[in-house]
Amino acid sequence: MIIISTQCFPSRVGGIETLMYDIASYLSIKHDVKVLADQHDASKDLKFDKNNDKFSILRFKGLKFLRKRKKYNELKKICSSNKIHAVITDSWKSLELPINFLKQKKIPIINLVHGNEIIIKNAYHHNRIKKVLAAATVLVVNSSYTKILLSKISENFQNIQVIYPGVKSTKNIMEQTINLNNGHPTLLTLARLEKRKGHSLILKSIFNLKKIYPNIQYIIAGEGDELENIKNEVKNYKLESNVLLVGTVNENQKKYIFSKTDIMIMPTLDQTHANSIEGFGIAYIEAAQYGIPSIASNVGGTPEAVLHNKTGLIIDNFDELDDAIKKLIDNKQNRIELGQNAKKRAENELNWENQIEKYNNLINQIQ
């Protein structure tokens, strides 16, 4: 049996949530998988769990202090009555409480590292993270950049593996239309509405480029704390006819939006001072599946998700954003070539069938 202990899991929407579900789903092809997940929204979680028939899910609700201990007690029960091949945790936070028990039981531990959660706040925080991660059997990081972040915590971690997040085939997804403007060209940012995602920079570029491309359309998909700030900027720039905020979208709606998109754009900011950094950027790869090139910044792990002049463009300075957008709009042939390269990489290198074998090999090695 494989146990996955996670604070981040659908029905909640997010990159780590999707990653943990996909790992559970693809591992369940060869293993008996049990997921111990936090409850976020009782009704949405229940609906999601009922539609899942690939692995078992146990939910834990209540205050964080109690929730963690309920999950820990359940973990001990399962480990006491089953042969456990590995425990996979979504971050050091999910591993901190059960670490001594798992070490005592000699159960292999795979701990995932994404980036944000290992940005050091103070000496106490540093020591907590270092102690927990040092006890894991394997640390799986989502990029080489995140591996560098780990080295700043300690240079003595023994087993670190870089495994990029994978993507699922979209062939069987049926499009679900939503109301979009008929603007062209169409740019898209698909992400949680956070400052680091760069929406503000993009809106400024849309304002500048509207003089050249009066029908330019910018679709913002996602929800988050920056929503009101984004709405205010749209109003201040007088971009109401060019910017469309569509909120959270499901996979069917996402496919429809991608079919209308020319460029995926997300020039992320370095927000390490606010404990926020882009460790990889799975949204770029989702766009790549549809033959859409991306524009990203040379920040965090994004240059590993978007390969400069191969699957999109990487800007070194945010002053370059207008020119990067204009370059891909004006040179359609280049845009198509970058998009096709991105699609090949997503389908051939980063599909989940390939990526999950790396996890299966790890599990076999550490037993």
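Before moving on, here are some points about what is shown:
- The stretch 257-286 residues that are on the phi > 0 side of the Ramachandran plot, paired with ones that are surrounded by fewer than 23 Cβ atoms within 10 Å (Cβ to Cβ) and polar (S, T, N, Q) (beta carbon under 9 Å, 6 or more apart): ASN275/ASN116
- Of all the criteria given as (1) under 19 Å from GLU194 (Cα atoms); (2) exposed (fewer than 15 other Cβ atoms within 10 Å of the Cβ), the one not satisfied by HIS308 is (1).
- Segments classed as helices (runs of 4 or more DSSP H), wholly inside the stretch 273-367, with at least 1 members that are aromatic (Phe, Trp, Tyr): 282-288, 352-366
For (1) within 16 Å of MET264 (Cα to Cα); (2) at pLDDT 95 or above; (3) within 22 Å of the chain's Cα centre (by Cα), each residue gets a yes or a no:
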site	(1), (2), (3)
SER144	no, yes, yes
SER154	no, no, no
ILE163	no, yes, yes
ILE178	no, no, no
LEU201	yes, yes, yes
ILE206	yes, yes, no
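- Some residue of the stretch 69-89 being touching a Pro at 6+ places or on another chain (Cβ under 8 Å) and closer than 14 Å to MET20 by Cα: yes
- GLN355 fulfils the conditions (1) surrounded by 17 or more Cβ atoms within 10 Å (Cβ to Cβ); (2) assigned by TED's automatic domain parsing to the domain that holds ILE282 except for a single criterion, (2).
- Residue check, ALA191 in contact with a Gly (Cβ under 6 Å, 6 or more places away or on another chain) and closer than 20 Å to PRO293 by Cα: yes
- The residues of the stretch 143-178 that are closer than 28 Å to THR248 by Cα, of a type in the set (Lys, Arg) and surrounded by fewer than 17 Cβ atoms within 10 Å (Cβ to Cβ) amount to a single one, LYS171.
The values are calculated or read from the model by the stated rules, or taken from the named source; none is laboratory data. Just so we're clear, the structure is a prediction, and the values are computed from it rather than from any experiment. Neighbour counts are summed over all protein chains in view; Cβ atoms, including those assigned to glycine, are modelled from backbone coordinates with ideal geometry.
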